[in-house]
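See structure below.
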Amino acid sequence: MLKKTALNLLHREASARMVDFGGWDMPIHYGSQIEEHHAVRRDVGMFDVSHMVVLDLKGDGARAFLRFALANDVEKLKTPGRALYSCLLRDDGHVLDDLIVYFIDESFFRIVVNAGTADKDAAWFKQLRAQHAPALTIHRRHDLGILAVQGPNARERVWQVLPETRAATAELKPFSAASVTCADTAFFIARTGYTGEDGFEIIAPHEAIVALWQKLSAVGVRPCGLGARDTLRLEAGMNLYGQDMDETVSPLESGLTWTVDFKDTARDFVGKAALLAQPPTRQLVGLLLLDSGGVLRAHQTVHTDHGDGEITSGTFSPTLSRAIALARVPSAVQEGDTVVVAVRDKQLKARVVKPPFAKQGKILIAV
């Protein structure tokens, strides 16, 4: 039986098209994926992301533990509420998951992980804890849901329905969060997202998430499904776990070198030795389709002058009105190169570009 978020009934009442997404019954769209995409780029939309999982790590030595457990360095997090994006690696340097970690205080870090990897993430953290920091506790927050409100008008709409949160969140910098209590309900509001637009990701008890969804809908915030979420994140050059990286590749071959912190040479972390011993021979690049007659999709072969590669994520971009993709290709491939993609029985030309393709409502590459 598929798992359901607390918003499932509201999705069905809104006539959403529901799909099996990693064992969860989730909305793919509410009638028009393209209109939902444009709503986020131009105005505001909201997404049910309550299938994602919150892990609260508490205890003395929490920072030291995460400095070892994660490829990025939580030593960067000095101010309460600040967040960091990181990969969770295996010993061989391959990617178990990508996640966001929030610094609450020296004995409390909050981690948000992907739905499909939550069980193995929790098990890996607990294995590492048993070996390195047995006094720490890891609490999976089954009581909390997550609602993402994204777009240039997202924050104003949230403040419209939760005016008590404005003072605490108006000055939040990107990748920061604040805890706010409204009518005895605790809201954890982060200026983060997966769309390339401004907005909030809001963590709260399930009943509060349901009430917030209804209030936002009443003031014109458009419900958006996983389809628009995927086209938005791909335009913004953001990776999707299970497609652009997984347990078969390292972050260095997945466009995520910036998330691996080697600066403190004395710091050891899981997977470090393997990454240093295996320099990458491939890279993740963006592709813009030049020829007509097809759409770029995952697993299509990319022919380059330096050997073949493969598309990891591809779609038709509503913002660019062109087909775009992320592809893993040989390291010698350069931005501006022309490559050929096998699209069914056709060989179509594409240009190598540097993502993101579009964000903050703007097209960022030459089309």
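The values are calculated or read from the model by the stated rules, or taken from the named source; none is laboratory data. Model, not experiment: these values are computed from the prediction. Glycine also receives a Cβ, built like all others from the backbone with ideal geometry; neighbour counts cover every protein chain displayed. Note: accessible area is taken over every heavy atom of the protein model, side chains too, but ligands, DNA and RNA are not part of it. Shrake-Rupley method; radii C 1.70, N 1.55, O 1.52, S 1.80 Å.
Quick look at the numbers
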{"item": "Relative packing of 202-214, 19-31, which averages over residues the other C-beta atoms within 10 Å, highest first", "result": "202-214, 19-31"}
{"item": "Local electrostatic count at T319 - Lys and Arg +1, Asp and Glu -1, tallied over other residues with Cβ under 15 Å", "result": "+1"}
{"item": "Three principal axis lengths of the stretch 17-114 [C-alpha, angstrom, descending]", "result": "49, 31, 21"}
{"item": "Relative contact order of the chain, pairs being alpha-carbon contacts under 8 Å that are 6 or more residues apart, as %", "result": "18 percent"}
{"item": "Cα coordinate range in the stretch 72-163, projected on the principal axes (Å, largest first)", "result": "47, 29, 26"}
{"item": "Two-site label geometry, K58 and K173: point separation in nm, points 7 Å out along Cα→Cβ", "result": "2.8 nm"}
{"item": "Unit charges on C-beta of K, R, D, E only; dipole of the stretch 18-91, Debye", "result": "520 debye"}
{"item": "Charge tally in the Cβ shell below 12 Å around R222, where Lys, Arg are +1 and Asp, Glu are -1, R222 excluded", "result": "0"}
{"item": "Surrounding net charge for V40, when Lys and Arg each add one and Asp and Glu each subtract one, Cβ distance under 13 Å", "result": "0"}
{"item": "Peptides 45-53, 284-292 ordered by average Cβ neighbours within 10 Å, highest first", "result": "45-53, 284-292"}
{"item": "Burial order of peptide ranges 6-13, 163-170, 71-78, 321-328 (average beta-carbon count within 10 Å, highest first)", "result": "321-328, 71-78, 6-13, 163-170"}
{"item": "Gyration tensor verdict on the stretch 290-367 (Cα atoms; rounded if a/c is under 1.5, prolate if a/b is larger than b/c, oblate otherwise)", "result": "oblate"}
{"item": "Rg followed by Dmax, in Å, when the stretch 149-251 is reduced to its Cα trace", "result": "15.1, 47"}
{"item": "Alpha carbon convex hull of the chain, volume per residue in cubic angstrom", "result": "141 Å³"}
{"item": "Percentage relative contact order, the stretch 31-161, counting C-alpha pairs under 8 Å, at least six apart", "result": "38 percent"}
{"item": "For the chain, accessible area per residue (1.4 Å probe, heavy atoms of protein chains only), Å²", "result": "43 Å²"}
{"item": "Mean separation of Cα contacts under 8 Å, 6 or more apart, over the residue count of the stretch 131-235: relative contact order %", "result": "29 percent"}
{"item": "Protein accessible area in the chain, 1.4 Å probe - carbon and sulfur %", "result": "51 percent"}
{"item": "Gain upon complete extension [A211, H142; 0.36 nm per residue less C-alpha separation]", "result": "23.0 nm"}
